[in-house]
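Here, each number is a calculation from the coordinates, and none is a lab measurement. Keep in mind that what you see is a predicted model, and the values were worked out from it rather than measured. Here the Cβ positions follow ideal geometry from the backbone for every residue, glycine too, while neighbour counts run over all protein chains shown.
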Amino acid sequence: MVAINLESGLPVTISLKCNAYYYKVGDVVTTDKYTALLEKKQTGNPIEFKIPEFITKGNLHIDPQQSIHALCKNHAIRLRESYDYVRLFFSGGSDSQLILDTFVRNNIHIDEIVMVKSGIPTTDYELDDVASKMLANNKNALQTTKITVSSMTTDEYRRFYVTDRWYENLIDIGRSTRVGGTLRQQEYKESINLYPTHGKTVSIFGIDKPFVKYLNGKWYTYFLDVNLEYQEGESDWCSFYYDDPLICAKQCHDLIRSIETNLSKTEYNKVTTYDRQYQKLWQSAIGRLDYQNYFIPKALGHNELPVNNYKDYLAWKTLPKDNDMIWKNYQYGLKNLESMLGKEWFNDGQASLGTVGIFGPFIDLQDGSVHTVDELYPNGYYD
């Protein structure tokens, strides 16, 4: 496969892992969204977002007979047997909670648990209030597990935002899907390339809940690049819920059953949009609340400021007061990105809201057929 070297502008050959998510722009293939957007701007070729073939050919239309918990247990066992070192990135959110519970309840050893803090105390409440307490509650089961707490320091923020081209730090570390967006830099610290390998190493992330759409009497599951955040590195990146097609399928069918049982058709397409009213149904339908009947709903956007979520709002309100240089370079960098890539590639034309999502395939959950967003929505996508 071919990619473009950003410094030389010359094509280079790349080799992708079997679970890679990537972009195709003409003949150019890259896992780097920034590179893909620049290539599109320069050539005019459309961007395609590609997902692993084992998902598109994974018979997602067939509902597995095993429960979600049995499937998660089997997946955890396979990971443990396949790797010398198992590292779990643990946020305290419902997705990573279930992964931790799966390993602990089935006596499957985790070598290391990593909790990544933004370094802005007001925004780290999920880690402080949920994640840390969960680890404390499981301390006996985790006696031989290394617990790593990684946090951005004020000095690291100053170095990160030392110029108005700070986004290049994310590109260099393999996190370009998040170019623009948040002032908080947990994204940087969550790069698998910052953590050492120990033999054959896997880095597990709680990605992701199923996203489904009801259209013309049929159910589809779809894949959006901003929900996936694939990483290339020396250790293997693992999307726990998507890397196993059986789990991926089970989540979809369990969710659809719950939606059809509890909601009217007018509500079907509201569930996987992070509408606060439907988040508990979404979580409970796919087993996220079976062991830990508690989660912090995701709060998207804010009326006062152009930010993605409540945590970003708190960061905007807190950090600039003490770090004027950080704030100024962050703002200048956002303007750079809007100028280089085009405002149309950012939500509401503002880089602070992150890049517009690019759809991968839609998979028909009745017959397994694969479709593009343009095939299903010839007049443009709508919720």
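Taking other C-beta atoms within 10 angstrom as a stand-in for reagent exposure, 164, 367 fall in the order 367, 164, fewest first.
Once the Cα-Cα distance is subtracted from the 0.36 nm per residue extended length, the residue 84 to residue 158 segment shows a gain of 23.0 nm. Our coupling estimate for region 121-134, obtained by passing each phi through the Karplus curve with A = 6.51, B = -1.76, C = 1.60 and θ = phi - 60°, is x, 5, 9, 9, 5, 5, 6, 6, 8, 10, 4, 4, 5, 5 Hz, Gly and Pro reported as x. Ignoring lysines fewer than eight residues from residue 250 along the same chain, the ones with Cα atoms less than 26 angstrom from its Cα are 17, 50, 57, 73, 209, 213, 218, 265, 270, 280, 298.
Here the dipole of the chain is about 600 debye; that uses its Cα centre as origin and unit charges on the Cβ of Lys and Arg (positive) and Asp and Glu (negative). Dividing the helix sum by the residues of the chain, where each DSSP H run of 4 or more adds -39500 (n - 2.57), gives a mean residue ellipticity at 222 nm of -9000 deg cm²/dmol. On full extension, the segment bounded by residue 369 and residue 305 gains 18.9 nm, given 0.36 nm per residue less the C-alpha separation. Farthest toward the dipole's positive end in the chain, which of 345, 59, 313, given Cβ charges of +1 (Lys, Arg) and -1 (Asp, Glu) about the Cα centre? It is 313. For residue 168 and residue 290, a Förster radius of 51 Å and the Cβ-Cβ distance give a FRET efficiency of 0.75, rounded to the nearest 0.05. Once the Cα-Cα distance is subtracted from the 0.36 nm per residue extended length, the residue 377 to residue 125 segment shows a gain of 86.8 nm. Ordering 327, 237 by the number of other Cβ atoms within 10 Å of each residue's own Cβ, fewest first, gives 327, 237. Our note on the geometry: Cα centres of region 339-383 and region 67-135, 30 Å apart. Each of 262, 332, 363 was scored by the projection of its Cα onto the charge dipole of the chain, and the greatest displacement toward the positive side belongs to 262; charges sit on the C-beta of Lys, Arg, Asp and Glu.
For residue 365, the amide hydrogen comes within under 5 Å of the amide hydrogens of 219, 220, 221, counting only partners 5 or more places away or on other chains and with H modelled in the peptide plane. Legend: ranking of residues 224, 127, 98 from fewest to most surrounding C-beta atoms inside 10 Å; resulting order 224, 127, 98. Using the Cβ-Cβ distance between residue 136 and residue 277 with R0 set to 30 Å, the FRET efficiency works out to roughly 0.40.
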